[in-house]
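Visitor: Have a look at this one.
The values are calculated or read from the model by the stated rules, or taken from the named source; none is laboratory data. On a predicted model such as this, the values are computed, not experimentally measured, just so you know. A quick note on method: Cβ atoms are made from the backbone with ideal geometry, for glycine too, and the neighbour counts reach across all protein chains shown. These accessible areas exclude ligands, DNA and RNA; they are computed on the full protein's heavy atoms, side chains included. Shrake-Rupley method; radii C 1.70, N 1.55, O 1.52, S 1.80 Å.
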Amino acid sequence: MRYEFDGFELDTERLELRRDDARIALEPQVFDVLAYLVEQHERVVPKDELIERIWPEKYVSEAALHSRLMSARKAIGDDGQAQRLIRTVHGRGFRFVGDVVTTWAGPIPVADRPPAFDQEVRFCRAADGARIAFAVSGDGPPLVKAANWLTHLEFDPGSPVWAHFWRELSASFRLVRYDGRGSGLSDWDLPAYSFESWVDDLEAVVNELGLQRFSLLGISQGGAVALAYAARHPHRVSKLLLCGAYGRGRLHRGPDWVSRHNAMRTLIEQGWGKEDEVFREVFTLTMIPEGTEEQRRWLTDLQRVSASAANAALFHETAGQINVEHLLSAIKIPTLVMHARGDQRVGFEEGRRLASLIPGARLVTLDSRNHLLLEQEPAWTRFLAEARMFLNSPAS
């Protein structure tokens, strides 16, 4: 649905708050609080109901609710004193008192959207208490994907950037994927954020599912997470499949890469999730330079819904500091490394370097300039054929 009030437009299908055609970035729980109050604007919403709605099956303090309310009020130009749009009804709850016009928004239009696949979304707790969302789809030998940047479990099945990956892999495997901490459906308010916490998140997911032995997929930064987990638990990982991955972050690759890292950090801080043409073009072109207009639009939208600007900056800094190369010589697990020759975001040298440092690893060079392989390019067909052959071959 789409709700219009006081010059704002709240779209619950696109998960957007806009004013004068400009998006206003909101963290998911802030958006959910605002959306629920607007949807229920004809009545007072009890405090307990609002907490239950936003944090199902999780105990939170009233302070957490009031923090989200304060952020929601700020986003729409209100505050706790004026209460022009969100009114506190003492002893009862909260009510949205602005004039609301409701219209049907409909789904995000996507031409030739690939067929959806069934998935079950669940939650688990990492060692430090962070709630991690994971999805299970398909049937067959287990294949676990380590989290990487720009995912959202609810959006990915309909995305022309990601859907072909999960649809095809779910056809042959019991695919497990999850949103990393600070992104997607996982907790955005974090007790800790580090590379080690990323590895702990992967461990929490596989432990929740009781997986004893499985193949592990690492794409981009997820490759380093997969490698660190495999080094920690070699008896649980049967095979490693890496694509566009690296063992060392940009801050360990020399001055030119450090300069790129710092430039991207500035762009993230200034343009993440906003209608910033410069940021959108730079970021998108490093990920999918050969993408269609539709694919580029989805990647831009995914920035907004996958993480806040603050969490995106944390992610960027953490990824830049990664260095797992000291672990690679001890990895004896069958490993296939695939990397696009013209990868604009993670240079081909990083994939070649990974394959040379992992004993027995095989390198497959993909003819593409995209960091995220797209369904329309021959490199995707090559990736899928190689992945299936490798994952279905007998494990050593």
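Visitor: Under a Cβ-only charge scheme (Lys and Arg +1, Asp and Glu -1), can you give me the dipole magnitude of the stretch 178-221 about the Cα centre, in debye to the nearest 20?
Guide: Dipole about the Cα centre, nearest 20: 200 debye.
Visitor: Another one. Got a number for the accessible area of residue 66? Probe 1.4 Å, square angstrom, nearest 10.
Guide: Only protein atoms counted, so the area is about 90 Å².
Visitor: Kindly sort 282, 136 by accessible area of their heavy atoms, largest first, with the probe set to 1.4 Å.
Guide: 282, 136
Visitor: Mind checking the alpha-carbon convex hull of the stretch 112-244 and giving the volume per residue in Å³? Walk me through the intermediate numbers first.
Guide: On the way: hull volume 12.5 nm³, N = 133.
About 94 Å³ per residue, rounded to a whole number.
Visitor: Let me know the whole percent of all Cα-Cα pairs from the stretch 1-46 that are separated by more than 17 Å.
Guide: Considering the stretch 1-46, 27 percent of its Cα-Cα pairs are separated by more than 17 Å.
Visitor: What do you get when you divide the Cα radius of gyration of the stretch 302-396 by 2.2 N^0.38 Å, with N the number of residues?
Guide: Details: Rg = 15.6 Å, N = 95, 2.2 N^0.38 = 12.4 Å.
Here the Cα radius of gyration is 1.26 times the empirical estimate.
Visitor: Moving on to the next point. Working out 0.36 nm times the residue gap between residue 67 and residue 326, then minus their Cα-Cα distance, what length gain in nm do you get to one decimal? All intermediate terms of the calculation are to be shown ahead of the outcome.
Guide: Details: separation 259, 0.36 × 259 = 93.24 nm, distance 4.26 nm.
Stretched fully, the residue 67-residue 326 segment lengthens by 89.0 nm.
Visitor: Now for a different question. What does the charge dipole of the chain about its Cα centre add up to, to the nearest 20 debye, if the Cβ of each Lys and Arg holds +1 and the Cβ of each Asp and Glu holds -1?
Guide: Using Cβ point charges on Lys, Arg, Asp and Glu, the chain gives about 1200 debye.
Visitor: Where both partners of a DSSP beta bridge lie in the chain, what percent of those bridges are antiparallel, to the nearest 5?
Guide: 60
Visitor: Calculate, for the stretch 19-102, the solvent-accessible area per residue in square angstrom, rolling a 1.4 angstrom probe over the heavy atoms of the protein chains.
Guide: Dividing the accessible area of the stretch 19-102 by its residue count gives 57 Å².
Visitor: For the stretch 1-104, which whole percent of the accessible surface, found with a 1.4 angstrom probe, sits on carbon and sulfur atoms? Write out the running numbers ahead of the final one.
Guide: Values: 2560 of 5720 Å².
Solvent-exposed carbon and sulfur of the stretch 1-104 make up 45 percent of the total.
Visitor: I would also like to ask the following. What order do 61, 356 take when sorted by accessible area (1.4 Å probe), most exposed first?
Guide: Highest to lowest solvent-accessible surface, that is 356, 61.
Visitor: Helix 293-306: angle to the longest alpha-carbon principal axis of the chain, degrees 0 to 90, nearest 10?
Guide: Its long axis makes an angle of about 70 degrees.
Visitor: Find out how many positive minus negative residues lie around residue 258, taking Lys and Arg as positive, Asp and Glu as negative, among other residues whose Cβ is under 11 Å from that of residue 258.
Guide: Local charge sum for residue 258: +3.
Visitor: May I ask for the Kirkwood hydrodynamic radius of the chain, worked out over all distinct Cα pairs and given in angstroms to one decimal?
Guide: 22.1
Visitor: Once both labels are modelled 7 Å past Cα along the beta-carbon direction, what's the residue 139-residue 171 spacing in nm?
Guide: In this crude label model, residue 139 to residue 171 measures out at 1.7 nm.
Visitor: I want the local charge near residue 165. Using Cβ-Cβ distances under 11 Å, sum +1 for each Lys or Arg and -1 for each Asp or Glu among the other residues. Can you show the working numbers first?
Guide: Values: positive: 145, 167, 177; negative: 156, 168, 375.
Local charge sum for residue 165: 0.
Visitor: Just reorder 239, 47 by solvent-accessible area, largest first, 1.4 Å probe, all chains present.
Guide: 47, 239
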